[in-house]
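K.L.:
The structure that follows is given in the form of structure tokens.
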Amino acid sequence: MAFVEKWKNVENKAKKYSHFTMILVVLNVFLMILTAYSFTHQKVVIQLPPTRLTETVVYSSNEVSRSLFEMWGKYIVATLGNYSSENIDDNIYILLNMTHPENMKDIKPELVELEKHVKENRVRQAFYPEWKDMKLQIKGNYSQMIIRGEAFREVGTNLQEYDIKYTLRMVVINGHMYLTYVDKEVDKK
């Protein structure tokens, strides 16, 4: 009789363990599904310039919306084109932080030279872009913006008027906007 009771006890334990094993198998399958889902649906943080949002920003892994490039392009042009000896340090700091590390060697020397010139000559410049004539080309996460406008530059008491054309190239990598190219053409009026 003792043998039969022990056998039933072992049988009951085996049933409990088999139920417990099945629960663990189901939980492991659920965990694998959750892990696969989290790897395929990564969250991306999107940086926006410090401006009011007037349009919807659409972001996917393949392309970035026109409005995001427009917002950042306008911010970069405003930072590049409007400066004085009091704020040039901040403007250069902002632009260098936005510059892609691979393009730093091309962009930094020009910005450092501008900073030196502005500080030495106490230059002030106000840039008035013609936003309606802005050209923006987008290919996936890459863009090129060309914007023309008038600039009024004050060096001491001398006021000069210029036509300026900025060409910017930007790229979005993992939700971060990078500046990859800057060119400025200046024509004196």
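What follows draws every value from the coordinates through simple rules; no lab data is involved. Note that the structure is predicted; figures quoted are calculated from it, not measured. Backbone-built Cβ (ideal geometry, glycine too); neighbour counts: all protein chains shown.
K.L.:
Considering each residue of the range 117-158, count those that are assigned to a strand (DSSP E or B), under 18 Å from Lys74 (Cβ atoms) and in contact (Cβ under 8 Å) with a residue 40 or more places away in the chain, and give that number.
P.N.:
11
K.L.:
Tell me which residues, restricted to the range 146-163, are more than 25 Å from Thr180 (Cβ to Cβ) and among the acidic types (Asp, Glu).
P.N.:
Listed by number, the residues that qualify are Glu150, Glu154, Glu161.
K.L.:
Across the range 174-189, what is the total count of residues that are of a type outside the set (Asp, Glu) and under 18 Å from Tyr75 (Cβ atoms)?
P.N.:
Qualifying residue count, the range 174-189: 9.
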